[in-house]
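Peer 1: Encoded as structure tokens, here's the structure I'll be asking about.
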Amino acid sequence: MPKRILCLNGPNLNLLGARPSQHYGQLSLPELEQKLIQEACGLEIELICRQSNHEGQLLDWLHASMNDGTQGLMINAGAYTHTSLALGDALEVLTYPIIEVHLSNVYAREAIRHHSYVAPHSSGQITGLGPLGYQLALRALNQLLS
Ligand code: DQA
């Protein structure tokens with residue numbers, strides 16, 4: 001049975017490729033997801049990729065993941081990482097491993113980006129490695145679930 005992992009991207013990540021490349025690189029989100037799904041296939045992982053600009057939609061997907069066989073989560077919540085107590089509350093309930101991902105190094109940026117509502121509920125955080133961070137998160141989840 002393949003492991004089921006959810007890859008959730010939050011606000012503005014649909015604009016990857018058009019956002020400042022010094023922080024986010026040049027890859028579009030569909031390109032990033034395509035690479036990730038390919039890698040997941042080799043690891044016998046069913047990777048479900050979702051993106052929304054709406055906080056409530058992200059919460060609904062997280063709630064649904066409690067009953068649909070999801071076994072792990074990688075999440076780049078974008079700016080909601082730093083602002084959404086509701087997101088933290090939703091993550092708190094989840095029983096499977098969570099990896100927090102950021103393309104840019106949030107600790108090398110403005111102080112407001114140093115706080116995360118995701119981090120307290122995550123097994124680990126990968127920040128500043130660009131798309132490679134997602135690949136590493138996938139591998140980490142794969143190991144955590146073996
Ligand atoms: C981000 C970092 C956040 O601070 C920012 O709001 C984003 C993207 C990243 O991937 O580096 O939208 O999560």
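The values are calculated or read from the model by the stated rules, or taken from the named source; none is laboratory data. Here the structure is a predicted model, which is why all the values come from computation and not from measurement. Every residue, glycine as well, gets a Cβ built from its backbone with ideal geometry; the counts of neighbours run over all protein chains shown. Accessible surface areas use protein heavy atoms only, side chains included; no ligands, DNA or RNA. Shrake-Rupley method; radii C 1.70, N 1.55, O 1.52, S 1.80 Å.
Peer 1: Is it fair to say Ile37 is open to solvent by 50 Å² or more (accessible area, probe 1.4 Å), within 25 Å of Ser146 (Cα to Cα) and either of a type in the set (Val, Ile, Thr) or more than 16 Å from the ligand (Cβ to nearest atom) (or both)?
Peer 2: Spelling it out, Ile37 is indeed open to solvent by 50 Å² or more (accessible area, probe 1.4 Å), within 25 Å of Ser146 (Cα to Cα) and either of a type in the set (Val, Ile, Thr) or more than 16 Å from the ligand (Cβ to nearest atom) (or both).
Peer 1: Are any residues in the range 109-121 surrounded by fewer than 19 Cβ atoms within 10 Å (Cβ to Cβ) and within 13 Å of the ligand (Cβ to nearest atom), and if so, which ones?
Peer 2: Arg109, Glu110, Ala111, Ile112, Arg113, His114, His115, Ala119
Peer 1: Moving on. Select from the range 114-130 the residues that are over 11 Å from the mean Cα position of the chain (by Cα) and either under 23 Å from Glu46 (Cα atoms) or not polar (S, T, N, Q) (or both) and list them in ascending order.
Peer 2: His114, His115, Tyr117, Ala119, Pro120, His121, Ser123, Gly124, Gly128, Leu129, Gly130
Peer 1: To continue, here is another question. Scan the range 40-61 and give yes if some residue there is within 16 Å of the ligand (Cβ to nearest atom), closer than 13 Å to Leu103 by Cα and modelled with pLDDT of 95 or more, otherwise no.
Peer 2: For the range 40-61, residues within 16 Å of the ligand (Cβ to nearest atom), closer than 13 Å to Leu103 by Cα and modelled with pLDDT of 95 or more: absent.
Peer 1: Which one of the conditions (1) open to solvent by less than 50 Å² (accessible area, probe 1.4 Å); (2) part of a loop (DSSP other than H, G, I, E, B) does Met66 fail to meet, given that it meets all the rest?
Peer 2: So the condition that Met66 fails would be (1).
Peer 1: Report, by residue number, each residue of the range 79-108 that is open to solvent by 10 Å² or more (accessible area, probe 1.4 Å), within 15 Å of Pro11 (Cβ to Cβ), in a helix (DSSP H, G or I) and within 16 Å of the ligand (Cβ to nearest atom).
Peer 2: Tyr80, His82, Thr83
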